[in-house]
Each structure stands twice: as C-alpha cells, then as structure tokens.
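Take a look at the structure set out below.
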Amino acid sequence: MSSATVLQPILARPPLSAKSIRKWRKKREAWLRTLRPESLFYTLFDDIPDVYFFAKDAEGHTMFVSNGILARYRMAQETEMLGLTDYDINPPSMAETYIEEDRRLLTGKTTRIQRIELWFDEQGTPDWFVATKIALLDRKGTPVGVM
C-alpha cells in the first residue's frame, strides 16, 4: 500500500483581505437575490429527520414551516399555516411562553434561546423537545422575525 494517499483537509490558508471579504459579501448578496424563495435553505429541513423549522415575522405570523411541523399540527400544506400565530395553533399557556421568547429575541435582550420546551409529538400528545430560536435580522441588523 505504498501508493495510498492520506486524505486530509487543507487547514492552512492565508486569511482573506478586508477588500476581498467585502467583495465576496457583495457577490454573495447578489447571488442570494437571484434565488427563488422556494429553493432557499429552509427546504432542507424537510429532509432531516427529527428536525423542525419555522420562521415568523415580527408580529408572530408564520411565514415558513417545515413539513415536520405541518405533520405535527395535522396540516397537509404550508398554506394552511401561513399567517397563523402561536395563539392560533397552541393552547394559550404554551403560546404565551413562545411569544415571550420571541419578544426577548425581537427586542435584542438575547440573540439565541436554547431550552427544553413542551411541544406536541406525532400523536398530538405534549412531549419535551430541545428548541433553539434565533432572531432574523434585516440588512441593517434589526430583528424582523424569529426562526
């Protein structure tokens, strides 16, 4: 086996200059503007088992959900959940907890929430799940939603 090559990642590379970073950020933003919304990253969550994704606007209206969330709420299409709030789909005590977390993210009191929370399993029974929430920021860095 003397001809075998050990594969290793290339770890040492020179850092990008500030000018190069600016160039690539502009290029990335231009590229993102060309993408169709339905091809964006959130569709990937439909193919990862036991991972669920949602995005809400600053007023708490659902904008995107993964198929796993739709199944938990017994909905067949994303359009059934589009525009709904936590109060529309959850008991008030659960909705209030979710909305308070969203408020903390939207006001900048925190940038990330990681906790174990009560949510529904596939049978509609409350169960404990690990949840991570982060604020969605606009181009100026202002929180405009939660995912």
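Quick notes on this structure:
- Dipole magnitude of the chain, debye to nearest 20 (Cβ charges: Lys/Arg +1, Asp/Glu -1, about Cα centre): 1620
- Overall Cα dimensions of the stretch 42-115, principal axis frame, Å, largest first: 33, 23, 19
- Relative contact order of the chain, taken over Cα pairs closer than 8 Å and 6 or more residues apart, is 17 percent.
- Working note: Karplus 6.51/-1.76/1.60 with θ = phi - 60° gives the stretch 117-129 the couplings 9, 7, 8, 9, 8, 4, 8, x, 8, x, 8, 9, 9 Hz, where Gly and Pro are set to x.
- Listed residue pairs exceeding 21 Å between alpha carbons, taken from K26/K140; K26/K109; K27/K133; K56/K109; K56/K133; K26/K133: K26/K109; K27/K133; K26/K133
- Longest segment of the chain lacking GluC sites (Glu not before Pro) that sit in a DSSP loop with at most 16 other Cβ atoms within 10 Å: 60-121
- Taking the accessible area of the chain, probe 1.4 Å, and keeping the other protein chains in place, the carbon and sulfur fraction comes to 58%.
- Once the Kirkwood radius over Cα pairs is known for the stretch 1-132, the Stokes-Einstein relation at 25 °C and 0.890 mPa s delivers a diffusion coefficient of 134 µm²/s.
- Helix-derived mean residue ellipticity, 222 nm - over the chain, DSSP H n ≥ 4, -39500 (n - 2.57), to 500: -8500 deg cm²/dmol
- Under a Gaussian network description of the chain, with springs only between Cα atoms under 10 Å, the residue in R13, R74, R115 that fluctuates furthest is R13.
- Think of the chain as having a plus end and a minus end, set by charges on the Cβ of Lys, Arg, Asp and Glu; of I21, Y87, W128, I21 sits farthest toward the positive end of this dipole.
- Average accessible surface for the stretch 38-88: 60 Å² per residue, computed with a 1.4 Å probe over protein heavy atoms with every protein chain in place.
- GNM flexibility winner over the chain from A58, A76, A135 (Cα, springs under 10 Å): A76
The values are calculated or read from the model by the stated rules, or taken from the named source; none is laboratory data. Computed from a predicted structure; not experimentally measured. Note that we place each Cβ from the backbone using ideal geometry, even for glycine, and neighbour counts take in every protein chain shown. Quick note on the areas: whole protein, heavy atoms, side chains included, nothing else; ligands and nucleic acids left out. Shrake-Rupley method; radii C 1.70, N 1.55, O 1.52, S 1.80 Å.
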